[in-house]
Structure formats: structure tokens, C-alpha cells
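Here's the structure, in C-alpha cells; my notes come after.
The values are calculated or read from the model by the stated rules, or taken from the named source; none is laboratory data. Since we're looking at a predicted model, the values are computed, not measured. Cβ: placed from backbone, ideal geometry, glycine included. Neighbour counts: every protein chain shown.
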Amino acid sequence: MKITTRILLLLTGVFLSLILLLSGFIYYASANYSFEDFYKRLEIRAATTAKIYLEDNQDINAIKEVRQSYLEQLPKEDIQIMLTPYGDSLRIKASQLNVPIKFLDDIKREGSANYRKQNLFYTGIRYKPSDTNKDYLVIVSAENYYFTHHITYLRNLLISALIISLVLVLLISFWISRKIVQPLQDITTRVKDISSENLNLRLKASENEDELSTLTKTFNDMLDRLEAAFETQKNFVSNASHELNTPLTSIIGEADVILSKPRQPHEYQEAILAILEEAEKLNKKTQALLFLAQTGYNGKVLKFDKVRIDQLVLDVKETVDKIYPTNRVIIDFSFLPESPEKLKVKGNEQLLHLALSNVIMNACKYSNNDTVRVSLGASSQQIIIVVKDLGIGIPENEIKYIYDPFFRASNTKRFEGYGIGLPITRNVVKMHDGEIVVSSVLNQGVTVEIKLPVGNYKL
């Protein structure tokens with residue numbers, strides 16, 4: 001069932017139920033009021049009739065005039081005056097009047113009583129004249145004109161109003177359901193137009209801060225991530241094919257040349273050395289790719305222990321000293337916390353060593369061994385490592401691609417590298433629930449900030 005239909009049925013059901021309850025209450029209250037009012041009218045007639053026929057004084061004429069002037073004849077009106085019956089006569093009178101014995105008995109005991117048979121209403125009173133000791137029952141019966149006509153009219157009016165309300169409710173509910181569902185239909189139509197060929201399209205955001213606006217923003221955020229992922233994949237395929245194709249082309253070309261005709265032994269040796277060199281490059285790139293893929297896996301498959309970050313920085317410095325003996329790396333521990341527990345994280349020491357080594361060695365390489373400052377600080381929540389160099393920097397329009405595998409900035413052509421270091425570093429940091437932020441000013445250097453949570457557990 002469509003949402004539009006469900007909303008239509010729900011709103012119609014709710015409104016119709018309320019209208020039915022209200023109409024039923026009005027009808028029930030009006031009917032009860034008509035009964036009570038008519039019984040009072042009959043009781044007044046009974047009392048007036050008793051005074052006219054059972055009292056003997058000078059006010060009787062006045063009462064007759066009042067009755068004739070203000071008490072109109074009711075439909076099927078009938079008045080019965082009788083001495084109060086007892087015993088068998090009570091049953092006989094009840095049979096003559098076609099009323100229950102209990103009705104007459106209630107009049108005797110309570111002084112008044114009411115009885116209804118279909119639309120014929122009875123009211124009886126017990127009356128004792130002032131000038132005699134005799135006891136009488138005065139019973140007035142009549143048809144309730146108000147109930148048979150006015151209530152019927154009210155019932156028909158309510159039914160007509162109910163039908164009109166039902167039509168209006170259906171129309172209003174249909175309009176409301178269309179109004180509610182229309183934004184969803186617009187979103188569906190727009191989403192159908194979005195594919196891998198036009199991921200730049202976005203849903204139109206609503207100015208209202210409602211659930212649909214949140215849905216639109218969430219979907220647009222997902223499209224942003226998908227577009228970034230597609231761009232990353234496209235760049236990866238393009239760069240990987242180029243990086244892997246170059247050494248393969250060199251190997252095949254060198255083999256074709258050396259095998260094109262007989263050669264001297266030293267020529268074969270030179271060719272094999274060239275092939276070996278290219279094969280080693282290919283091997284390094286392949287291993288880098290495999291390692292990059294592995295660091296993208298869930299960190300639960302790796303062993304995590306307590307790692308002291310200050311000691312890790314010193315170990316990385318030793319590694320950098322071996323590869324770049326003339327480096328000018330300066331370690332700043334002036335922001336270390338007093339408690340050594342704030343310098344410990346739960347992590348894989350080898351991966352963290354590799355990630356930090358990549359950052360510091362990049363800083364040394366692209367700054368031509370100029371000064372590289374490594375600062376370490378910590379708070380109660382996280383440990384912060386800042387690596388700042390004075391090198392060539394990264395062009396502003398290219399910094400968004402630095403985590404793409406094999407991407408290298410346009411100003412790094414005279415430096416060796418494969419464009420794998422930063423993607424690996426970012427994967428490692430993410431495996432440790434950390435964050436890496438890279439900022440740069442062209443020809444002034446790069447600043448890399450790594451944040452790791454203190455005491456982070458990965459089981």
C-alpha cells in the first residue's frame with residue numbers, strides 16, 4: 001500500500017471517528033434532554049389537573065384559565081384520575097391503562113413516577129386534596145412531539161452533516177497526504193537521475209529544519225562520500241596502471257633489445273642488471289600496494305599493545321638517522337604531560353612506527369634535509385604529534401589529492417617516491433581511531449598533525 005493511501009485512510013479514519021463521537025454525543029444528549037423536559041411538562045399538567053378537579057376553592061378558575069392559555073393540547077394526550085388502588089384493584093387498573101403494575105406502585109411509594117412505552121410517555125403523581133382524606137393518582141400520558149419530530153430532524157441533520165464532513169475529510173486528507181508525500185516523490189525522482197556518470201548532482205535542500213531536510217542533507221553527504229570514493233578509485237586505477245606499467249615496459253623493452261641478436265657477455269650482464277633494477281622497483285610498488293590494502297582492513301586482526309608515544313618518536317628518529325644521516329630533525333618534548341600514562345595508547349607499534357616514519361622522512365626529503373621540528377604534546381583525551389618542515393610545500397589545489405594512492409604533487413618530480421606513504425599513514429591512524437590533518441603553504445613547508453586517543457583499545 002502506498003504511503004499516500006495509508007495517510008489518506010489514517011486521517012479519514014481519525015477525523016471520521018471524531019465526527020461520529022461528537023454526533024453521537026449531541027444526539028444522545030438531545031434525546032435525554034427531550035425525555036426529561038417532556039416528563040416535567042407532563043408532571044406540570046398532572047399537578048394542574050389535580051388542582052382543577054380535586055380542589056374546591058376560589059383559585060380553581062384562575063388555574064383553569066392558565067391551563068387553557070399556556071398548556072396546549074399534546075398529541076394523544078390522556079389524563080386519568082383515580083382513587084389510589086390497593087391489592088387486586090392495582091393490577092386491574094394497570095391492565096386497564098396498559099401500564100406495568102410497578103409504575104403504579106412507584107407512584108404510590110415515591111409520590112411520582114415516569115414510564116415510557118415506545119413514543120408514548122406517562123407521568124403519574126399521588127395527590128391528596130386539602131379538604132378531604134381521600135388519596136388520588138393522577139396519570140397523564142401523551143406522545144413526545146419533540147422527540148418524534150425535532151430529534152428525527154436532528155438525526156437527519158447529523159447524518160447529512162456526517163456525509164458532507166466525510167467528503168470534506170476525504171478531500172482534505174488527500175490534499176494533506178499529497179502535500180506530505182510530494183517532497184518524498186521529488187527526492188525519488190531526483191535520485192533516479194543520479195548515477196555514477198553524474199555523481200555531482202545533489203538533492204535540493206529544504207530551508208525547513210524537519211525530518212525531510214535531515215534526510216536530504218544525509219543523502220547529499222552520502223553522495224559527497226561516494227563521489228570522493230569514485231574519484232579516488234579513478235585516480236588509483238589511473239596512477240596504479242601508470243606506475244606498474246612503466247617498469248614492466250622497461251623490462252620487456254630491455255629483454256626484446258638484448259634478444260634481438262647475439263650479444264657479448266658483458267652486454268647480457270648489463271641488460272640483466274637493468275631488468276633487475278626495474279623488477280625491484282616493480283616489487284617495491286607491488287608490496288606497497290599490498291600493504292596499503294592490508295592497512296585498510298579492520299584493526300581487530302592485528303595485535304595491539306600499550307605503546308609509549310615518546311619512546312616511539314625516539315625510535316623513529318633512530319630509523320631516520322640511518323636513512324638520512326644528515327637530517328636536521330629536532331624533537332620538542334617541552335609539552336609532555338607530567339603523567340606518563342597520558343603518553344600511552346593501545347596500538348600496533350610496528351604500524352605506528354611506519355606511519356610516523358613516513359611523515360618524518362617525507363619532511364626530510366622534500367625539505368632537502370632542512371630543519372624538521374617534531375613536537376609532542378598530550379591532554380587527558382588525546383596525544384598530538386606535530387611534524388613541521390620548511391620544504392617545497394604542496395600546491396593549494398592539489399592538497400585534496402594527497403591521500404590518493406600513487407598521487408604525487410606537481411612540484412615533486414625531482415624527488416623519488418611512489419605516492420604511497422601518506423595513504424598508508426592515514427590508514428594506520430584511522431585503524432587507531434586517530435585523525436591526521438595536513439596543511440601547507442607552497443614553498444614554505446608542510447605541517448602534519450596526528451592525533452591519537454589516549455588509552456585507545458582495539459580488541
Selection count, the range 21-54, where residues are of a type in the set (A, V, I, L, M) and closer than 20 Å to His150 by Cα: 5
Asn358 assigned to a helix (DSSP H, G or I), in contact (Cβ under 8 Å) with a residue 24 or more places away in the chain and surrounded by 22 or more Cβ atoms within 10 Å (Cβ to Cβ): no
Residue satisfying all of: in the range 381-392; buried (at least 21 other Cβ atoms within 10 Å of the Cβ) and touching a Gly at 6+ places or on another chain (Cβ under 7 Å); farthest from Ser439 (Cα to Cα) among these: Gly391
Pairs where the first residue, in the range 18-30, is under 13 Å from Leu154 (Cα atoms) and free of Cβ contacts under 8 Å to residues at least 40 places away in the same chain and the second is hydrophobic (A, V, I, L, M, F, W, C) and in a helix (DSSP H, G or I), C-beta under 9 Å, 6+ apart: Gly24/Leu158
Within the range 1-45, considering residues that are in a helix (DSSP H, G or I) and among the basic types (Lys, Arg), the one nearest to the chain's Cα centre (by Cα): Arg6
Matching residues in the range 78-96 - criterion: being among the small types (Gly, Ala, Ser) and either at pLDDT 85 or above or assigned to a helix (DSSP H, G or I) (or both): Ser89, Ala94, Ser95
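Every residue, every condition in (1) among the β-branched types (Val, Ile, Thr); (2) under 20 Å from Arg41 (Cα atoms), yes or no:
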| residue | (1), (2) |
| --- | --- |
| Asp131 | no, no |
| Val140 | yes, yes |
| Ile159 | yes, no |
| Leu170 | no, no |
Number of positions in the range 247-268 that are within 60 Å of the chain's Cα centre (by Cα) and in contact (Cβ under 8 Å) with a residue 24 or more places away in the chain: 4
Qualifying residue in the range 63-70 (condition: modelled with pLDDT of 85 or more, assigned to a helix (DSSP H, G or I) and among the polar types (S, T, N, Q)): no
Residue satisfying condition, being surrounded by fewer than 19 Cβ atoms within 10 Å (Cβ to Cβ), modelled with pLDDT of 85 or more and not small (Gly, Ala, Ser), within set Ile139, Ile164: Ile164
Val429 vs. criteria buried (at least 18 other Cβ atoms within 10 Å of the Cβ), assigned by TED's automatic domain parsing to the domain that holds Leu312 and in contact with an Asp or Glu (Cβ under 8 Å, 6 or more places away or on another chain): yes
Subset of the range 396-424 that is among the β-branched types (Val, Ile, Thr) and under 21 Å from Gln444 (Cα atoms) - its residue that is surrounded by the fewest Cβ atoms within 10 Å (Cβ to Cβ): Ile399
Scan of the range 331-373 for residues that are within 24 Å of Ile402 (Cβ to Cβ), in contact with a Lys or Arg (Cβ under 7 Å, 6 or more places away or on another chain) and modelled with pLDDT of 90 or more, ordered by number: Asp370, Thr371, Val372, Arg373
Residue within the range 336-344 that is within 45 Å of the chain's Cα centre (by Cα), crowded, with 20+ Cβ neighbours inside 10 Å and either in contact (Cβ under 8 Å) with a residue 12 or more places away in the chain or in the same structural domain as Ile394 (by TED's automatic domain parsing) (or both) present: yes
Check on Lys388, among the basic types (Lys, Arg) and modelled with pLDDT under 90: no
Test: residue in the range 193-200 that is touching a Phe, Trp or Tyr at 6+ places or on another chain (Cβ under 8 Å) and modelled with pLDDT under 75: yes
Filter pass, Ala363 being under 19 Å from Asp310 (Cβ atoms), within 44 Å of the chain's Cα centre (by Cα) and not in a strand (DSSP E or B): no
